[in-house]
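The values are calculated or read from the model by the stated rules, or taken from the named source; none is laboratory data. Predicted, not measured: the structure shown is a model, and the values here were computed from it. Note: ideal-geometry Cβ built from the backbone for every residue, glycine included; neighbour counts use all protein chains shown.
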Amino acid sequence: MIEYLIFAVFVGLLLHGIHRKAIARIQGRPGPPIWQEILHVLKFSFKETWIPATASQTLFVAVVIIAIGVWSTALFVLLTGGSLLLLFAVYMLHKIVEHGLGLSSGSPYGKFGAIRSVMSAASEIPLFATIAAIYLITGSLMISDIQAWQAAHGPLLFTALPAAIALYIVVLAKMHYSPFAVIESKEIVSGNVTEHFGVWRAGLEAAFGLKTFVLLYAFIVLFLGPMPLLLAAVAMVLLLLSLSFICALSPMLSPFDTVTIQIGTAGLIVVYVLLMGVIV
Amino acid sequence: MFDLPIEGAELLAVEFGDIVNYFSVYTAVLFVFALLFTVLAIISRPEKPVDIVFGGDAYYAKKIPPEQLRFQRFMAIACGLATLGAMISGDLFNFTLFSSMIGITNIGIVAAVKNKHVLEAAYQYGIVAMVATVPLFGGAAIALATTGTLSIWELAGAGAVPLLAKMLLVVGVMGEGMAPFYIGKAEITRAPGAPYVLMIHVSSLLLFLRVVEIALTV
C-alpha cells in the first residue's frame, strides 16, 4: 500500500504542476515547470521549521498529520473498492483540517481563512446529492459494485449527468486557484495555511497532492467506470485541464457568491434526485 | 453491515440491554475522528490570538481570561462525548438525544466569550438549533409510530421508515449546524480557543455524516 501512497503523492503533485502550467499558458505567461510542486515539497522538507509562539502547538502539528491521514484513508478506500459513503465522509473531514489549519496558528490571516472555510462548507451538500443519485441508480454504495454496474450498463456519466456535474463542481471547489478557493485568496496572504511553513508545509502539500489525485481518480472511477491505468491517467489529465481552463478564465468569487452558487447547485441536484427517486 | 452495500463490514456490536450500539467500518472511522478531536481538546493549549489594528501596520495580542478557556474546554469535551455517542448509537432516539446535546454544548463552547459579534451569532445559532429539535424528534417519533421500534438493528434494510421521517431527521441534524443553516457559525469561528471552537465543526459534520448513514440504512 505504501508504494501506491508514494506514487499517488508524486502524481498528485505533478498534476498540481500541470494545473499551474496550463493556467499560466492560458493567461499568456510561461509558467513554472510542471515538476515545480514536487521541488517545492522537497525544498520545504529541508527548510528550517518551527511553530509560531502564538499557535496552539499540539493542534498546529496535529492537523498536518490528520490531513495526511485523511487522504491516505481516502486513497485506500478508493483502491480497495470500499464504501463511497466513507470516501466522501473523508472528503468532508478535510473541511475540519481546513478549519484547524487556520484557527490553530493565532494569525488573523489564518483565522480569516478558517472563517471563509466555514462559509464554504456549502460545497459539501452537492456531494451527498451526488451520492444519493448514484445509490438510486446502481443500488449500492460500494465502489466495486458501482464499477461492476458500469461495466454492465455503461458509464454513469451519461446515466446521471447532473450528478456528474455536481461532483465536477465539488472537485473544482477544491482545486488551487479555483473561483471557489476563497480560503487561500491572496488578500488574506495564504489564508488558512499562512503560518504553516517548512516541514509542516511540505506535509500539507503532499496531502493536497494526494487529495487532487484521489478526487480526480474518484471522478473517473465513479462516472467513466473501470479502465486501464494508462487510459485513466489520460482521462485524469484531460479532466484536470478542463478544470484549469475554468480556473484560468474565472475571477475569484466573493465568499457569499461561492455559497450562493454551491447552494443553488445543491438545490438543483436535490430536485433531480427527488424526481429520479419518484421515477425509479 | 446489515447485509446492505452501504457502510462496509460490521466490526463490533456493544449491547446495553435492548439497545445495541455498533461499529461498522464507516461508524468506526467517524468514532475515531471524534475521539481524536476530543483528545486534542483535552491536551491542546489554546492559541494566543493576534489581531490587526485597522488602518495601520500594528498588531496586538489579545488576552483571554483562563477561566473562560477552562469553561470552553469543559464544553468542548462534553461536546466530544456527545459526538462519540451519536457516532455509534444503534437507536434512533438516543441518536436524537445526542444530537440535541451537541447543539447545546456547541452554544456553550462560545457562550462565555465576551465578544458582541460572537454572542449574537451564538444566539442566532442557538435559536436555529433549538427549532431544529422539532423535526429531529418528530422524525424519530414518526419512525416509532409507523414501525413500533427505534432500533436501527430492526429497521435496517426493512424500508419501513417513511421518507418523511428520514427527511425530518436529516433536516433536524442540518439545523444543528450544517449548510444552509450554519451561517451563524462563521461568526462563531471568530471566538478564541482553537481546539474548542474546532469541536463545534467536528461535531456538526460528523453528525451529518452519521444521519446520512442512518437515512440510507433504515
Check your understanding: Residues in the range B:135-151: is at least one among the polar types (S, T, N, Q) and under 15 Å from the mean Cα position of the chain (by Cα)?
Key -> no
Point to revise | Of residues in the range A:131-156 being among the polar types (S, T, N, Q) and within 11 Å of chain B (Cβ to nearest Cβ), the one farthest from A:V90 (Cα to Cα) | key: A:T138
Check your understanding: Of everything in the range B:21-45 that's at the interface with another protein chain (Cβ under 7 Å from one of its Cβ atoms) and more than 24 Å from B:D91 (Cα to Cα), which residue is surrounded by the fewest Cβ atoms within 10 Å (Cβ to Cβ)?
Key -> B:I43
**Study point:** B:P49 at pLDDT below 85 and surrounded by 13 or more Cβ atoms within 10 Å (Cβ to Cβ)
**Key:** yes
Review point. Does at least one position in the range B:192-215 carry a residue that is part of a loop (DSSP other than H, G, I, E, B), at pLDDT below 90 and more than 13 Å from the chain's Cα centre (by Cα)?
Key: yes
Revision key, fill the gap. Exactly one of A:S144, A:S117 is closer than 26 Å to B:Y59 by Cβ, of a type in the set (S, T, N, Q) and assigned to a helix (DSSP H, G or I), and that residue is A:S117
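Results for (1) facing chain B (nearest Cβ under 7 Å); (2) touching a Leu at 6+ places or on another chain (Cβ under 9 Å); (3) under 21 Å from B:S204 (Cα atoms), shown as yes or no for each residue.
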site: A:S56; (1), (2), (3): yes, yes, no
site: A:F76; (1), (2), (3): no, yes, no
site: A:G82; (1), (2), (3): yes, no, no
site: A:L87; (1), (2), (3): no, yes, yes
site: A:K95; (1), (2), (3): yes, yes, yes
Review point. Restricting the range A:97-110 to residues that are at the interface with another protein chain (Cβ under 7 Å from one of its Cβ atoms) and in a helix (DSSP H, G or I), which is surrounded by the most Cβ atoms within 10 Å (Cβ to Cβ)?
Key: A:L103
Exercise for review: State whether the residues of the range B:127-147 include one that is part of a helix (DSSP H, G or I), farther than 30 Å from A:L141 by Cα and among the small types (G, A, S).
Suggested key: yes
Point to revise | helices (runs of 4 or more DSSP H) wholly inside the range A:164-280 that include at least 3 residues being crowded, with 20+ Cβ neighbours inside 10 Å and at pLDDT below 90 | key: A:255-279
Revision key, fill the gap. Going through (1) touching a residue at least 60 places away in the same chain (Cβ under 8 Å); (2) within 27 Å of B:V202 (Cα to Cα); (3) buried (at least 19 other Cβ atoms within 10 Å of the Cβ) one by one, B:L155 fails only at (2)
Review point. Does any residue in the range A:38-57 that is closer than 29 Å to A:A8 by Cβ come within less than 8 Å, Cβ to Cβ, of a residue that is in a loop (DSSP other than H, G, I, E, B) and hydrophobic (A, V, I, L, M, F, W, C) six or more places away or on a different chain, and which pairs are these?
Key: A:F44/A:F197; A:K47/A:F197; A:T49/A:F197
Practice item. Just name the residue that is nearest to A:S56 (Cα to Cα) out of those in the range B:3-20 that are within 7 Å of chain A (Cβ to nearest Cβ) and either among the aromatic types (F, W, Y) or free of Cβ contacts under 8 Å to residues at least 40 places away in the same chain (or both). Key: B:G8
Exercise for review: Answer yes or no: is there a residue in the range A:92-112 that is within 20 Å of A:V270 (Cα to Cα) and either over 15 Å from the mean Cα position of the chain (by Cα) or modelled with pLDDT under 90 (or both).
Suggested key: yes
Exercise for review: Taking the residues in the range B:59-101 that are without any contact (Cβ under 8 Å) to a residue 24 or more places away in the chain and within 12 Å of chain A (Cβ to nearest Cβ) as candidates, determine which candidate is surrounded by the fewest Cβ atoms within 10 Å (Cβ to Cβ).
Suggested key: B:Y60
Check your understanding: Out of all the residues in the range A:11-34, is one or more in contact (Cβ under 8 Å) with a residue 12 or more places away in the chain, charged (D, E, K, R), buried (at least 23 other Cβ atoms within 10 Å of the Cβ) and touching a helix residue (DSSP H, G or I) at 6+ places or on another chain (Cβ under 9 Å)?
Key -> no
**Study point:** Criterion: touching a strand residue (DSSP E or B) at 6+ places or on another chain (Cβ under 6 Å) and either charged (D, E, K, R) or more than 14 Å from every other protein chain (Cβ to nearest Cβ) (or both) - qualifying residue of B:L155, B:L136, B:L150, B:L168
**Key:** B:L150
